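Q: Input: one structure, supplied below.
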Amino acid sequence: MGLTLIEALVALVIISVGVLAIARLQGDLVASSSASKARAEAIQLAESDIERLRSVSTAADFQDALDALDLDENGQKELEGSYATYTVTIALNEQTDADGQVRAVAPDVTITWDDRRDDQQTVQMGTFVVWDDPRVSFAATQTDDEDSDDGGGFVDRPTGEGAMGEDDDTPLDPDDADVETVERDEIDDLLDDGTEILVDTDSGQAQLVRDGEVLMTMQSSTGSGRDPDDNLLYFSTISGRVYIDEDYDLSGNNPDLVPEWTRVVSSDAAYCTRFRGDEIFVFDEEDEDLHNPIDPENEDHLGKEGNAYYYDYQCYFAEGWYGNIGIVRYDGIGNHDRICVGSPEHDDPVEDLWDSKKPRLASARRYRGFYYDPLSLRVSAAGIGVNPSPDEGEPRYVPQHVPGHDFLLTEMTGQPSHVDCGYAWEDVVTADHYQADNPGINFCLLDLVGDGNLECMPDGDPGTLEQTTIIAGDLISLSPSGQDDVSSMGFARSDYECDVHPSENRYECRIFRDASQGQPAWSDTLELQLENEVCSIDHNYQGDGSIGYTPETVTFEQVTEFGHIKLDIGIDEAGCDP
C-alpha cells in the first residue's frame with residue numbers, strides 16, 4: 001500500500017509539472033499572438049499615414065495631408081488601437097522648393113507601445129514621398145504632331161541615342177576607311193578598361209566592342225561621326241571608385257560581403273565595366289563570377305587605400321542619356337549595410353541645394369538635365385553631353401568623360417543618418433583619397449556643357465514652372481462699314497501678354513500660370529481699348545467656370561483650361577442691337 005501511495009504521489013507531481021508547463025506555454029502563446037497582432041497593427045498604422053501622403057493630386061492636398069497627421073510640437077501623437085495604445089513619432093524631413101512649398105518628405109516613423117508584460121516594443125519605418133503635378137507628367141508625354149507614331153512629347157528619352165548590343169550585331173571593321181578607333185591615351189579621363197570604341201564617320205554610328213562582341217551602339221543625332229570641328233562623336237563616360245570598408249569580412253564560407261557580387265549598374269541604355277588600374281575583369285552572368293580576360297589566373301580584384309578596399313568602374317552612355325547609376329549586391333544586404341555618396345569636404349555654400357555634394361545615404365546617384373525652356377514655356381530634358389542652346393557654329397553634342405563619382409560601402413548600427421556618411425568617408429577612406437567634389441545624390445548634367453547659363457530643375461520638378469493657356473481668335477466687325485478697330489487689349493489684374501493684328505482682324509493672348517502650385521483655375525477680365533462695343537463672343541471652351549462679356553470687356557471666371565481656347569469677339573462701332 002505504501003509503495004502504491006508513493007507511486008501515485010510521484011505521478012501526481014509529474015502530471016502537475018506537465019500541466020504547469022502547458023499552462024505556461026499557453027500563456028506564452030497567447031502573449032506571442034497578442035504581440036504579433038499588436039506589431040501588425042503598428043505597421044498598418046505607420047503605413048496608413050504614409051499612404052495618405054502618396055494619394056494626393058495637388059500641392060494644396062499634399063500640404064493638407066501633412067497637416068492631417070496632427071502631430072504635436074514633438075512630432076508625436078497617441079493612437080488607440082485594438083491591441084495597444086501606440087505612440088507615433090514622425091520626423092518628416094521636409095524638402096521645400098525656392099518658394100517654400102513642401103515638395104517632398106522623407107518620413108522616419110517610429111511607433112512604440114507596451115506589451116502584456118509591460119515591455120516596450122518598437123516598430124520603425126522610413127520612406128520617401130514626392131509630390132509632382134500630374135499635369136506636368138501628362139504634358140511630358142503628349143505630342144503636338146497628331147500624325148506622330150512615337151508618342152512625341154517634349155522630354156527626350158532617357159536612353160538618348162543609344163541601344164544595347166544585340167547578338168546579331170556585326171562589329172565595325174577597323175580597316176574600313178570610314179571607321180576610326182578612339183585613341184584613349186589622347187583623351188583625358190577616358191580610362192582603358194579592355195573595351196574598344198569604333199566610329200563610322202560616314203553613318204554616324206559608334207560601337208562599344210570587346211572581344212568581337214558589340215556591347216552597345218550609338219547613332220549620332222547629326223547623322224555623321226564628326227562634329228562641325230571635325231571631332232569624333234562617340235560615347236560619354238562617368239567613372240569612379242567603389243570603396244569597401246575593410247571591417248567587412250571578405251573571406252571564409254560566410255563572408256559579410258562578396259566583392260565579385262557587388263556591381264555598378266546604370267539605368268536604361270548604358271554599359272558599366274569594372275577594373276582596377278591595368279587589371280581588367282568582367283562579370284559572367286552564367287557562373288556569377290568575375291573573370292580577367294588579360295590575366296585569368298589573377299583573382300585579386302581589389303586595391304587598398306586608407307581603411308578601405310576598392311575597385312574602379314566606368315559607365316558608357318550615348319548622346320543624350322540621363323538616368324541613375326547605383327550599386328547592386330547579388331549576395332544580399334544585411335541590416336547594417338549602408339552605401340554613402342557625397343563628400344565631407346564639399347564646398348557648397350548652401351547644403352540644401354538639389355545637387356549638393358553633402359554626404360548622403362544613397363544606393364544610387366541620379367543624373368538629370370531638366371531645365372525650363374523660356375521659348376517653348378516648357379520643361380525640357382538635356383542628357384549627357386548635350387547643349388540645348390549652343391552658340392552658332394558650336395556642336396550640340398560633345399562627348400564628356402566625368403571622373404571621381406565614388407561610392408562607399410560600410411556598416412552602420414543603430415539609426416544611421418546622412419551625417420554618419422560624413423564620418424564614414426573620413427574614417428574609412430580618409431581625406432588623402434576621397435574626392436572633395438564627389439557628387440551627392442544628384443548631379444546636374446547641364447554643368448558639363450554651355451556657359452553656365454542653364455540650371456537644372458530637380459527631377460523635372462517645375463518649381464515655379466509656368467504653363468500657358470493660349471486665347472486666340474478673330475475680331476469680327478459687325479458694322480456695315482466694317483471699319484471697327486481694336487488698337488490694343490490687355491488684362492485688368494495681370495501682366496498677361498496680348499498681341500493685336502488689326503490688318504488681319506485677329507488677336508492672341510498668353511496666360512501664364514504656375515502649374516507647380518496646383519492652381520486649379522484662374523479669373524480675370526480682358527479689357528479692349530476701343531470706341532465701339534463688344535456685342536458677341538463665340539468660343540470652344542467646355543470646362544469648368546465661364547466666359548462672358550460686357551460692352552467693354554470679356555470676363556473669365558474660374559477657367560481651368562491649360563491648353564488653347566478659341567474665342568471670336570464680335571464688335572460694332574455703332575453699338576450693339578438691343
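Q: Does any residue in the stretch 165-176 that is closer than 13 Å to ASP211 by Cα and in contact (Cβ under 8 Å) with a residue 40 or more places away in the chain come within less than 7 Å, Cβ to Cβ, of a residue that is part of a loop (DSSP other than H, G, I, E, B) and open to solvent by 50 Å² or more (accessible area, probe 1.4 Å) six or more places away or on a different chain, and which pairs are these?
A: Once the first residue is closer than 13 Å to ASP211 by Cα and in contact (Cβ under 8 Å) with a residue 40 or more places away in the chain and sits in the stretch 165-176, its partners that are part of a loop (DSSP other than H, G, I, E, B) and open to solvent by 50 Å² or more (accessible area, probe 1.4 Å) give PRO171/GLY212.
Q: Still on this model: May I ask you to verify whether ASP185 is assigned to a helix (DSSP H, G or I), surrounded by fewer than 18 Cβ atoms within 10 Å (Cβ to Cβ) and at pLDDT below 90?
A: Considered against the rule, which asks whether it is assigned to a helix (DSSP H, G or I), surrounded by fewer than 18 Cβ atoms within 10 Å (Cβ to Cβ) and at pLDDT below 90, ASP185 comes out as yes.
Q: Name every residue in the stretch 90-101 that is open to solvent by less than 40 Å² (accessible area, probe 1.4 Å) and under 19 Å from GLY126 (Cα atoms), in order of residue number.
A: Once the filter is applied, which keeps residues that are open to solvent by less than 40 Å² (accessible area, probe 1.4 Å) and under 19 Å from GLY126 (Cα atoms), the stretch 90-101 yields ILE90, LEU92.
Q: Does at least one position in the stretch 43-52 carry a residue that is assigned to a helix (DSSP H, G or I), within 21 Å of THR122 (Cα to Cα), at pLDDT below 80 and touching a Phe, Trp or Tyr at 6+ places or on another chain (Cβ under 9 Å)?
A: The first filter runs over the stretch 43-52 and keeps only residues assigned to a helix (DSSP H, G or I), leaving 43-52.
This time we only want the ones that are within 21 Å of THR122 (Cα to Cα), so: 43-51.
With the extra rule that they be at pLDDT below 80, the set shrinks to 43-51.
Filter once more, so that each one left must be touching a Phe, Trp or Tyr at 6+ places or on another chain (Cβ under 9 Å): 45.
Yes, that holds for at least one residue.
Q: Further question: Could you tell me which numbered condition PRO439 fails, if it satisfies all but one of (1) modelled with pLDDT of 75 or more; (2) assigned to a loop (DSSP other than H, G, I, E, B); (3) open to solvent by 50 Å² or more (accessible area, probe 1.4 Å)?
A: Of the numbered conditions (1) modelled with pLDDT of 75 or more; (2) assigned to a loop (DSSP other than H, G, I, E, B); (3) open to solvent by 50 Å² or more (accessible area, probe 1.4 Å), the odd one out for PRO439 is (3).
Q: Take GLY153 and tell me if it is at pLDDT 90 or above and open to solvent by less than 60 Å² (accessible area, probe 1.4 Å).
A: On the way: at pLDDT 90 or above: no; open to solvent by less than 60 Å² (accessible area, probe 1.4 Å): yes.
When the stated conditions are applied, GLY153 does not pass them.
Q: Moving on to the next point. Yes or no: LEU79 part of a loop (DSSP other than H, G, I, E, B), at pLDDT 80 or above and either open to solvent by less than 60 Å² (accessible area, probe 1.4 Å) or of a type outside the set (Asp, Glu) (or both)?
A: Values: part of a loop (DSSP other than H, G, I, E, B): no; at pLDDT 80 or above: yes; either open to solvent by less than 60 Å² (accessible area, probe 1.4 Å) or of a type outside the set (Asp, Glu) (or both): yes.
No; evaluated as a whole, the condition is false for this residue.
Q: Okay, next question. For the stretch 102-125, give me the residue count where each residue is open to solvent by less than 40 Å² (accessible area, probe 1.4 Å) and of a type outside the set (Asp, Glu).
A: Our first condition is that a residue be open to solvent by less than 40 Å² (accessible area, probe 1.4 Å); within the stretch 102-125, this holds for 102-107, 109-113, 115, 123.
Within this subset, residues satisfying the condition of being of a type outside the set (Asp, Glu) are 102-107, 109-113, 123.
Counting residues in the stretch 102-125 that are open to solvent by less than 40 Å² (accessible area, probe 1.4 Å) and of a type outside the set (Asp, Glu) gives 12.
Q: Look at the stretch 211-231 and say how many of its residues are out of contact with any strand residue (DSSP E or B) (no Cβ under 7 Å at 6 or more places or on another chain) and in a strand (DSSP E or B).
A: Residues in the stretch 211-231 being out of contact with any strand residue (DSSP E or B) (no Cβ under 7 Å at 6 or more places or on another chain) and in a strand (DSSP E or B): 1 in total.
Q: Among the numbered conditions (1) modelled with pLDDT under 75; (2) open to solvent by 40 Å² or more (accessible area, probe 1.4 Å); (3) assigned to a helix (DSSP H, G or I), tell me where SER34 comes up short.
A: Of (1) modelled with pLDDT under 75; (2) open to solvent by 40 Å² or more (accessible area, probe 1.4 Å); (3) assigned to a helix (DSSP H, G or I), only one is false for SER34: (2).
Q: For the stretch 406-424, name all the residues that are assigned to a loop (DSSP other than H, G, I, E, B) and either modelled with pLDDT of 90 or more or not assigned by the TED database to the domain that holds THR262 (or both).
A: Start the filter on the stretch 406-424 by keeping residues that are assigned to a loop (DSSP other than H, G, I, E, B), which leaves 406, 412-417.
Matches in the stretch 406-424: ASP406 only.
Q: Filtering the stretch 203-241 down to residues that are in contact with a His (Cβ under 6 Å, 6 or more places away or on another chain) and farther than 16 Å from MET164 by Cα, which residue is modelled with the highest pLDDT?
A: Taking the stretch 203-241 first, the residues in contact with a His (Cβ under 6 Å, 6 or more places away or on another chain) are 237-238, 240.
In the following step, the residues that additionally are farther than 16 Å from MET164 by Cα were identified as 238, 240.
Working: ILE238: 95, GLY240: 92.
Step by step, filter the stretch 203-241, then rank; the result is ILE238.
The values are calculated or read from the model by the stated rules, or taken from the named source; none is laboratory data. Note that this is a predicted model, so its numbers are computed, not measured. Cβ coordinates were reconstructed from backbone atoms using ideal geometry, including for glycine residues, and neighbour counts include every protein chain displayed. For the accessible areas, the whole protein counts, side chains as well, though only heavy atoms, and no ligand, DNA or RNA atoms are used. Shrake-Rupley method; radii C 1.70, N 1.55, O 1.52, S 1.80 Å.
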